[in-house]
Amino acid sequence: MLRFLAVSLIAFLPFWAVASAQEPVSFKQSTLVLHTASGDHDLKIEVARTAKQRERGLMYRDTLDADYGMLFVFGDTQLVSMWMANTRIPLDMLFIDKDGAVASIYAGAEPYSERIISSGGPVAYVLELPGGDAHAYGVAAGDTVSGPDIGGK
């Protein structure tokens, strides 16, 4: 009987881990303006401020609308690493410094990839956009992002 219980528990653990990983996480809704040479682009965003929110990010989602994204807020400026495990949609990542300037861009992050994507230097924010949007907006290093969640607010 004890052996049956142990085998049953071991068989259940992977299911429990996946189920708990997909539990809903709520995010604050906000807006940002992306300032590029092609103009100002208004974005609707979700804000990932807590460790739990940043860990979940855009995992397990099937779509991400145009002019929509997720802002990861890290507080202190630091080297940031991201990955796409359990992320079903291609993304572009804008690594942003504490003043709202785009420090670096990673375009075309592949769904489900476990490749580590580094900011390449200290940043305070990461803005994830639908794959291809960084190019469509003409984003370049040095462009700026403004909004209520940028700049320590």
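Each semi-axis of the equivalent ellipsoid for region 27-146 is √(5λ) with λ an eigenvalue of the Cα gyration tensor; in descending order they amount to 19, 16, 14 Å. The share of Cα pairs per 10 Å bin across region 27-87, counted from zero up to the longest distance, runs 19, 47, 31, 2 percent. Of all aspartates and glutamates in the structure, the ones whose alpha carbon falls short of 12 Å from that of Lys52, not counting any fewer than 8 places away in one chain, are Glu23. Among Lys52, Lys98, Lys44, the ranking by other beta carbons within 10 Å of each residue's beta carbon, starting with the fewest, stands as Lys52, Lys44, Lys98.
With the highest mean first, a sort of the peptides 87-95, 99-107 on other beta-carbon atoms found within 10 angstrom per residue produces 87-95, 99-107. Report the paramagnetic label zone for Ser104: residues of region 114-153 whose backbone N is under 16 Å from a point 7 Å from Cα along the Cα-to-Cβ axis. Inside the label zone: 115-128, 140-143.
Would you please give the FRET efficiency between Ser146 and Lys28, computed as 1/(1 + (r/R0)^6) with r the Cβ-Cβ distance and R0 = 22 Å, to the nearest 0.05? Let's see the in-between values first.
Details: r = 17 Å, r/R0 = 0.77.
Approximately 0.80, to the nearest 0.05.
Each part reduced to its alpha carbon centroid, region 118-141 and region 96-110 end up 3 Å apart. Potential lengthening of the chain between Asp40 and Glu114 amounts to 23.4 nm, from the contour at 0.36 nm per residue minus the alpha-carbon distance.
Annotation: the antiparallel percentage among DSSP beta bridges lying fully within region 27-146 is about 85.
Values in this text are rule-based calculations from the coordinates and carry no lab data. This structure is a prediction, so every number in the text was calculated from the model and none was measured. Ideal geometry is used to build each Cβ from the backbone, glycine not excepted, and the neighbour counts take in all protein chains shown.
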